[in-house]
Amino acid sequence: MAKNDSKKQVVALINSNRYSKLITFGVDGAPHGRIMTNLPLGKDMVIWFATGLSTNKIKDIKKNPTVSVFVDDPNDQKNASIIGKAEIVTDGRLLKKFWQEPFGFFFPRGPSDPDYCLLKITPKKLEYLDPGPQFHQNRTRVTISL
C-alpha cells in the first residue's frame, strides 16, 4: 500500500469513529490512556482533541509532549497507532471552530470558558493495520515515518 493511500485510510478511520485513545506519559514516566472525542481530521493528518487546561493530561504534555493516539474500528478490526507531538492551543478562533455543544457539560461558559483548550497532535509516525475481511487474509500492515 502506498504512503498516501495509507494516510487516506487513517484519515477515514479516524473520521468514521467517534473516539480515539490518547496516551500521554505522566510526570512519573508511566503511560496514561484516556478516551477522547475525535474532532474533524483533515488530509494534513493533524489530530485535534478538546480538553481542559486543568487536566492531568495537560500536565503530562507540558512535561513530555510526545503522545500516542490509538483508534480502532471494532467492527472490522482496522486500527492505527500514531505517535506525535502535542501542542496546547488556546487560540479563540480555533476554540470556536472546534466547539461542540456536548462540550458545555465540561465547559459551561462555552468556547470562551477559561479552562477550555485544544490539543493539536502533529503525527511523526503511524502504524496502520487492516486485517482484511477474514482475519489474517489479505491483511495490510504499514508503518510510516511522517
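Computed values, structure above
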{"quantity": "Residue-averaged [θ]222 nm for the chain, counting only DSSP H segments that reach four residues, each worth -39500 (n - 2.57)", "calculated": "-5500 deg cm²/dmol"}
{"quantity": "Percent breakdown of C-alpha pair distances by 5 Å bin, ordered from the shortest bin, for the chain", "calculated": "2, 10, 19, 21, 19, 14, 8, 5, 2, 1, 0"}
{"quantity": "Carbon + sulfur, % of accessible area of the chain - ligands and nucleic acids excluded, 1.4 Å", "calculated": "50"}
{"quantity": "Set of lysines near Lys97 by C-alpha distance (under 21 Å), chain-local residues within fewer than 8 positions excluded", "calculated": "Lys43, Lys120"}
{"quantity": "Surrounding net charge for Thr55, when Lys and Arg each add one and Asp and Glu each subtract one, Cβ distance under 10 Å", "calculated": "+1"}
{"quantity": "Rounded accessible area per residue of region 1-92, 1.4 Å, Å²", "calculated": "52"}
{"quantity": "Descending Cα extents along the principal axes, region 41-90, whole Å", "calculated": "36, 22, 17"}
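The values are calculated or read from the model by the stated rules, or taken from the named source; none is laboratory data. As the structure is a prediction and not an experimental result, all values here were calculated from the model. FYI the Cβ positions are ideal-geometry reconstructions off the backbone, even for glycines, and counts take in every protein chain you see. Quick note on the areas: whole protein, heavy atoms, side chains included, nothing else; ligands and nucleic acids left out. Shrake-Rupley method; radii C 1.70, N 1.55, O 1.52, S 1.80 Å.
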